[in-house]
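Please read the structure below before turning to the comments.
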Amino acid sequence: MKIVIVETSAQAKRLSDALGEGWHVEPCSSMVRDLPADQLGIDLEADFRPSFVVVPGKGNLVRRLMKALRDCEAVYAAMPPTREGEALAWHMLALSPDIKDKPVYRVLLTALTPDAIRAAFAAPRPLDMKLIEAYAAERIVARLVGWTINAAARQALGFKTALTVDGMVALRLLAERDAQTAAFTPETRWRASVSFVSDGIPFTANVLNAKGAPLAIRTAEQAGQLETLLKGGQFWVDKTGQTLKAQPAPVPLTLRGLIETAARDLDLMPEDTLGLIATLYDVGWITYPDSVPPSSLGEAAKAYIRREFGTEYLAAETPLTTGIAPADVSRTPEALPGDGAAVYALIWKHFIAAHMPPAQDKLMGVRILVGASKDNPYPLELRATAALLYFDGWRRVLLSDRQDAVLPVLPQGTALLPTSITVEAATSEPPMLFSEAALIGALVECGVNVPAAVAALSGLRAAGYVDGEISLSLTEVGQTVVAYLLANFDELTALAFAREWAADLEHIASGERQRVEVLHAFWSRFGGVLRPAPAVRAAAEHKPIVLRPAEEV
């Protein structure tokens, strides 16, 4: 009997149905081991060696898995195709004393359709220790930072803090935006426009300087002088033109892009979107987020486009890129019942649109001069533009609410009579506060993955550090915590270091740098401010390990 270890019960059912007899599929329900909750769990004197223990409450699960591993002939770890998935498999296998005598295979399931499952099991690979090393480095630094800062903050502030490394980055982002908003000084500029009607078609032209740049009108007096000039002037057409502008097709939605799009278009909270994505993957409707979809899905998308819209709607070339794709293109959004239908529709439409040619707009423009007479123009010009869809391309699938507009035929020299002249003040707006989706996007730019970013934000809300629904802001307690971080751990919690650390982890994952080397460099830089309590003797369940391939543990 060959055993397959997956993450969830839903995945176990899908694989059992696809693999048939001779296979035994067991879910591990996320990480089975972690650093101990009641002690540091890291030996600072032995190259930051971690000591992992079975996660509380998972003893029975581990015993069942160990029995299954003992009785099997081969092990297939079919965890998510991520760094975390690699570590999840390794942690589970490292607990078994019998695993060193059995072959261990890593299976990457980009989708849970029968064909994708069979293809993945036909091409397994060994565990990638570089990915596991990177995950271990990330977990070690998270423990060193979190353990120290939370203990110090509790003592200094007099209340219990609940800070993770990702949460600290989120707090710094929110504080930075709050500071930008507080320091913002609004500026008032005046802008002018003139409306016309020709051949029954209304249009509006913006008033610019003679070089076609926005006017620098900073006072009400200047605005009044401009309005007087316009009201007393004559207007005539100087030049017209038109051109075609291509709008490139979108790429398939990434997890970050889907979070932001679902928030904007469907009013879905990030946690809800993540839950629906997990369900859609587990039931075999989408590929694993931010993996590279197999080329067969691209071919299927092209076949669908050719059949439904014709060859003129096929892109000349579509490079493979990471994102989320429908696991079966023939399953159109209308075929999916339940709450996930709208999210699936976003994924399906963006994937199909990514294989279609650019949309093309016909851009029309007119340059209008104004002056006391045609022989005496003011040092001003007016420009009116309009866009009309010329070829819909990918917009055939991804419809938009845009309103097309046209300009009338305006021969050069045509005199125009204004129907209205508008000179109005416009005051600049401060930077917008973060929405949940925007904050998650900013965290991703700092190197935090989307699930961790969502979890960090949820933790900050639960701790009472962040408030707001549409726009997020720091609470009074959150401001106190940020002030403490800035005063005592500024560089360690800075956004610049978060990006540097994310790059270091990628270097470990690619094999360019060694885990121990990176950790020593981190400690030489921050060991002076990080003074964690020394690790105490391990509990009975505690099993220290060395990071080696699972089959050697």
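Just so you know, all these numbers are worked out from the coordinates, no wet-lab data involved. Fair warning: this is a prediction, and the values are worked out from it, not measured in the lab. Cβ: placed from backbone, ideal geometry, glycine included. Neighbour counts: every protein chain shown.
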Could you give the size of the charge dipole of segment 255-353 about its Cα centre, using +1 on the Cβ of each K and R and -1 on the Cβ of each D and E, expressed in debye and rounded to the nearest 20?
-> 320
Could you give the alpha-carbon Rg of the chain over 2.2 N^0.38 Å, rounded to two decimals?
-> 1.24
With θ set to phi - 60°, apply the Karplus curve 6.51 cos²θ - 1.76 cosθ + 1.60 along segment 398-412 and write out the HN-Hα couplings as whole Hz, x wherever there is a Gly or Pro.
-> 9, 6, 10, 8, 5, 10, 6, 9, 10, 9, x, 6, 10, x, 4
Scan segment 171-237 for chymotrypsin sites (Phe, Trp or Tyr not before Pro) in coil per DSSP, keeping those whose Cβ has at most 15 other Cβ atoms within 10 Å, and list them by number.
-> PHE184
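Counting only complete DSSP H runs, which helices of the chain cover 30 Å or more along their long axis at the Cα atoms and score a mean Kyte-Doolittle of -1.0 or above? Please list the in-between numbers first.
Numbers: long enough: 129-157 (40 Å, 0.51).
Helices meeting the criterion: 129-157.
How big is segment 255-353 by the Kirkwood estimate over distinct Cα pairs, in Å?
When all Cα pairs of segment 255-353 are included, the Kirkwood radius is 13.9 Å.
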Provide the per-residue ³J(HN,Hα) series for segment 199-210, in order, calculated from phi with Karplus coefficients 6.51, -1.76, 1.60 and θ = phi - 60°, each as a whole number of Hz, with x at glycine and proline positions.
-> 6, x, 9, x, 7, 10, 10, 8, 8, 10, 7, 5
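What order do you get for 214-225, 335-346 when each peptide is scored by the mean count of other beta carbon atoms within 10 Å, highest first?
So the peptides 214-225, 335-346, ranked by packing, come out 335-346, 214-225.
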So which trypsin sites (Lys or Arg not before Pro) in segment 397-506 end up in coil per DSSP with only 12 or fewer other C-beta atoms within 10 Å?
-> ARG402
Phi to ³J(HN,Hα) by Karplus 6.51 cos²θ - 1.76 cosθ + 1.60 over segment 368-382, Hz, x for Gly, Pro = 10, 9, 9, x, 5, 7, 5, 7, 9, x, 6, x, 9, 8, 10
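Set the bar at 25 Å for Cα to Cα. Now go through LYS239/LYS362; LYS13/LYS100; LYS13/LYS349; LYS102/LYS130; LYS245/LYS374 and name every pair that lies beyond it.
Table pairs above 25 Å Cα-Cα are LYS13/LYS100; LYS13/LYS349; LYS245/LYS374.
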State the antiparallel share, in %, of DSSP beta bridges confined to the chain, rounding to the nearest 5.
-> 85
Calculate for the chain the 222 nm mean residue ellipticity that helices alone would give, adding -39,500 (n - 2.57) per DSSP H run of length 4 or more and normalising by residue count, nearest 500 deg cm²/dmol.
-> -13000 deg cm²/dmol
Report the GluC sites (Glu not before Pro) located in segment 304-393 that are in a DSSP loop and have at most 16 other Cβ atoms inside 10 Å of their Cβ, or state none.
-> GLU317
